[in-house]
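This report refers to the structure that appears directly beneath it.
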Amino acid sequence: MPDFGNLRRALLREGEPERVPPFELSIDRSIKQQFLGHDVGSVEAEAEFFMQAGYDFVPLTMGIRQTTRGETTGVMGAAPAQTSVLKPAEAQYNPFEEGTTTRMWAEEGEGIIQTQADFDNYDWPDPDDFTYENLDLLGRILPEGARVIINVGAVFTASWMFMGMESFCMAIADGSDLVLRLIERVGELQKRVVANVLQYECVGAICMPDDLGYTTSLIVNPNLLRKHVFPWNKEIGKLVKAKDLPYIYHSDGRVYEVIDDLIECGFDALHPCERASTDIARVKQQYGGKLCLCGNIDLDSTLTLGTPEEVDAEVLERIRTIAPGGGFCCGSSNSVPEYVPFANYMAMIEAVKKYGGYPIDV
């Protein structure tokens, strides 16, 4: 049975929970279909999968990401949807299967907002008009011990997606106020969304997915983040803390330079501690008393190119070295895309069950 209280203890670093919680925010529909044996995509199927796979929560996307990424139902890892911000690109994304699939990508060059007129003319959503019906539904169908983790975030990411990465960076270099107005508009919108979702009793935590880093460095100067992005995270964090809920940050890449800033914003946990860019043992040693660490099972090689036995061994090693004392949730170092062999995904979640009981003795 799900036990969100166990996950909450890990996220808030309240000593050692009963077991290491498994943790994923996005799993490709093909993995979920293989697990359940039937089609997925609905909120009901999302709940069925996450409960049967052993998680204590169901992730649900709300806010501007529903507009920019086409995640209208809130189900992450669902079929891609074209939006005004994202465009389709067909390629063989899964090297283990013949044929091509379609993914949606933001414009690298020029996005849909280049001028103040573009900004003014864009049909900005009203947070009160977002569909909260699926949150209502999850509140009715989830078992008593489960909760919903709301993915909001994207204060930085949605802003550059609207402009296109090149235009966004050039505007920063030119000192354009348009970048700042975009960040402010997105931040205001997301704050109102969080205020709305916090009214639902089934919400157990808020996650802010907002990729800040490449493998070797941050994408932009940290001073821009400190001056214009992180203040919104801090404001949203005050709302979350007023409800006494865990506050989670997701960023790919190397974010050492701003971990102290994230803690100052009120975040309790950092996901996904990407293997290629993050020495999780170093972060645990330096910040273990201040941050729960989530993820870190290698997506570049072990989960994608390794064997189930190698996945099992990596989960064992991570639990042995990082889980003692609590403050660790085990999962992939990003998400579970379609190019993770199903047997490797199963090996990961089974290994977490096998080795994750406290006290850690493996």
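The values are calculated or read from the model by the stated rules, or taken from the named source; none is laboratory data. Keep in mind that what you see is a predicted model, and the values were worked out from it rather than measured. Reconstructed Cβ throughout: ideal geometry from the backbone, glycine too, with neighbour counts over all protein chains shown.
If you check every pair at least six apart or on different chains, which have Cβ atoms under 8 Å apart with a residue in the range 225-250 that is closer than 13 Å to Cys265 by Cβ first and a residue that is of a type in the set (Phe, Trp, Tyr) and part of a loop (DSSP other than H, G, I, E, B) second?
From residues that are closer than 13 Å to Cys265 by Cβ, the pairs are Asn233/Phe267; Gly237/Phe267; Tyr247/Phe267; Ile248/Phe267; Tyr249/Phe267.
If you take the residues of the range 116-136 that are over 30 Å from Val58 (Cβ atoms) and touching a Leu at 6+ places or on another chain (Cβ under 8 Å), which of them is surrounded by the most Cβ atoms within 10 Å (Cβ to Cβ)? Quick ask: steps written out before the conclusion?
To start, the set of residues in the range 116-136 that are over 30 Å from Val58 (Cβ atoms) comprises 116-122.
With touching a Leu at 6+ places or on another chain (Cβ under 8 Å) added as a condition, the list becomes 116, 119.
Details: Gln116: 12, Phe119: 17.
Taking the candidates together, the pick is Phe119.
So, in the range 327-362, how many residues would count as being more than 14 Å from Thr304 (Cβ to Cβ) and under 21 Å from the mean Cα position of the chain (by Cα)?
Of all residues in the range 327-362, those more than 14 Å from Thr304 (Cβ to Cβ) come to 327-331, 346, 349-362.
Now drop any that are not under 21 Å from the mean Cα position of the chain (by Cα), which leaves 327-331, 346, 349, 352.
Residues that pass the stated criteria total 8.
So, in the range 242-278, exactly how many residues are at pLDDT below 95 and hydrophobic (A, V, I, L, M, F, W, C)?
Filtering the range 242-278 for residues at pLDDT below 95 gives 275-276.
So of that shortlist, the ones also hydrophobic (A, V, I, L, M, F, W, C) come out as 276.
Residues that pass the stated criteria total 1.
Looking only at the range 209-233, which residues are in contact with an Asp or Glu (Cβ under 6 Å, 6 or more places away or on another chain) and assigned to a loop (DSSP other than H, G, I, E, B)?
Within the range 209-233, just Asp211 meets the criteria.
Please work out which residue is farthest from the chain's Cα centre (by Cα), limiting yourself to the range 313-326 and to residues that are surrounded by 20 or more Cβ atoms within 10 Å (Cβ to Cβ) and charged (D, E, K, R).
Here the answer is Glu314.
Go through Leu224, Leu245 for me and flag whichever is surrounded by 15 or more Cβ atoms within 10 Å (Cβ to Cβ) and farther than 22 Å from Val179 by Cα. Talk me through it step by step, then tell me what you get.
Numbers: Leu224 fails: farther than 22 Å from Val179 by Cα.
Result of the check over Leu224, Leu245: Leu245.
Take the residues in the range 24-57 that are of a type in the set (Asp, Glu), in a helix (DSSP H, G or I) and touching a residue at least 24 places away in the same chain (Cβ under 8 Å); name whichever of them is nearest to Met208 (Cα to Cα).
Here the residue is Glu46.
Kindly state which strands (runs of 3 or more DSSP E) lie completely within the range 86-165 and contain at least 3 residues that are closer than 30 Å to Lys243 by Cα. If you could, list the steps in order and put the result at the bottom.
Values: elements: 86-91, 101-106, 147-151.
Passing ranges, in order: 147-151.
Please work out which residue is farthest from the chain's Cα centre (by Cα), limiting yourself to the range 38-86 and to residues that are surrounded by fewer than 18 Cβ atoms within 10 Å (Cβ to Cβ) and at pLDDT 80 or above.
His38
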